[in-house]
1. How many of the residues making up the stretch 72-127 are under 13 Å from Leu141 (Cα atoms), more than 16 Å from the chain's Cα centre (by Cα) and part of a helix (DSSP H, G or I)?
2. Which pairs have Cβ atoms under 7 Å, sit 6 or more apart or on different chains, and link a residue in the stretch 31-46 that is farther than 18 Å from Lys121 by Cβ to one that is surrounded by 15 or more Cβ atoms within 10 Å (Cβ to Cβ) and hydroxyl-bearing (Ser, Thr, Tyr)?
3. Being modelled with pLDDT under 95, farther than 15 Å from Arg38 by Cα and among the polar types (S, T, N, Q) is the filter; apply it to the stretch 85-109 and report the residue that is surrounded by the most Cβ atoms within 10 Å (Cβ to Cβ).
4. Filter the stretch 71-120 down to the residues that are in contact with a Pro (Cβ under 7 Å, 6 or more places away or on another chain) and not small (Gly, Ala, Ser), then identify the one that is nearest to Asp168 (Cα to Cα).
5. Do we have Asp76 as among the charged types (D, E, K, R), free of Cβ contacts under 8 Å to residues at least 40 places away in the same chain and surrounded by fewer than 24 Cβ atoms within 10 Å (Cβ to Cβ) here?
6. Would it be correct to say that Val69 is in contact (Cβ under 8 Å) with a residue 60 or more places away in the chain and in a helix (DSSP H, G or I)?
7. What's the total number of residues in the stretch 41-62 that are surrounded by fewer than 18 Cβ atoms within 10 Å (Cβ to Cβ) and either part of a helix (DSSP H, G or I) or modelled with pLDDT of 70 or more (or both)?
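The values are calculated or read from the model by the stated rules, or taken from the named source; none is laboratory data. Keep in mind that what you see is a predicted model, and the values were worked out from it rather than measured. When we count neighbours, we look across all protein chains shown, and the Cβ atoms used for this are built from the backbone with ideal geometry, even at glycine.
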Amino acid sequence: MIAPTLVRTGSPSRLPLNEIARLGSSEAALDLSKVVGRGIRIEAARMLIVRIGELQSLIGLRGESVVAVYLCAQGDMRGTVLLLLSVDGGRALVDMMRNLPPGSTASLGTIERSALGEVGKLTSGFVYRSLSNAAGLEARLSPPAVMVTRESTLLEATLVEPLDPTEDVLAMDVVFADDRRQVKAIIALVPEAPPLTALLEVLERNWQSR
């Protein structure tokens, strides 16, 4: 779970961030269940504002490898969407998607990465589109790409444009679950244009005018 110390002080509770997280994750769970032909739950905790330099810490790994599924967004709301897991979490999620016994997936090859890409496209994509819809902005997402990288090079490897590590981004805890297991992950939304501060202002205006 996202550590409270990583949450930016004064995160605006008046914004519909948690509602956006729940809406996007519930829609993704429905589609993901259809894809695999059985029930998959996606439990979203909170969507929070964190420092981009702390993304590597959110899944509890320092100096270790991270599985990153990332999509680039174009249109009115440009940015990057990341689904982040530990390597063990990535293998466990493949087991879940392929309905294999826990511990079956030993490596993340082409087939396994394709499965993770599908998960990232559905989950991260739905959450990003929920955010852009709430802001009244159009966003087009690229096909997903999957990489296993050291946490120290995660941002350089996945972001289209480098950002200052002190800048804020949106992050949310998610848990994928079926009848046999749970897999924890982080979804990070990194808006580039409009910047996050402007995006939050638009969300606040739209939310208050409902």
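1. Residues meeting the conditions: 0.
2. Gly39/Ser33
3. Looking at residues that are modelled with pLDDT under 95, farther than 15 Å from Arg38 by Cα and among the polar types (S, T, N, Q), I get Ser86.
4. This residue is Met77.
5. So Asp76 fails the test.
6. no
7. Total meeting the criteria: 6.
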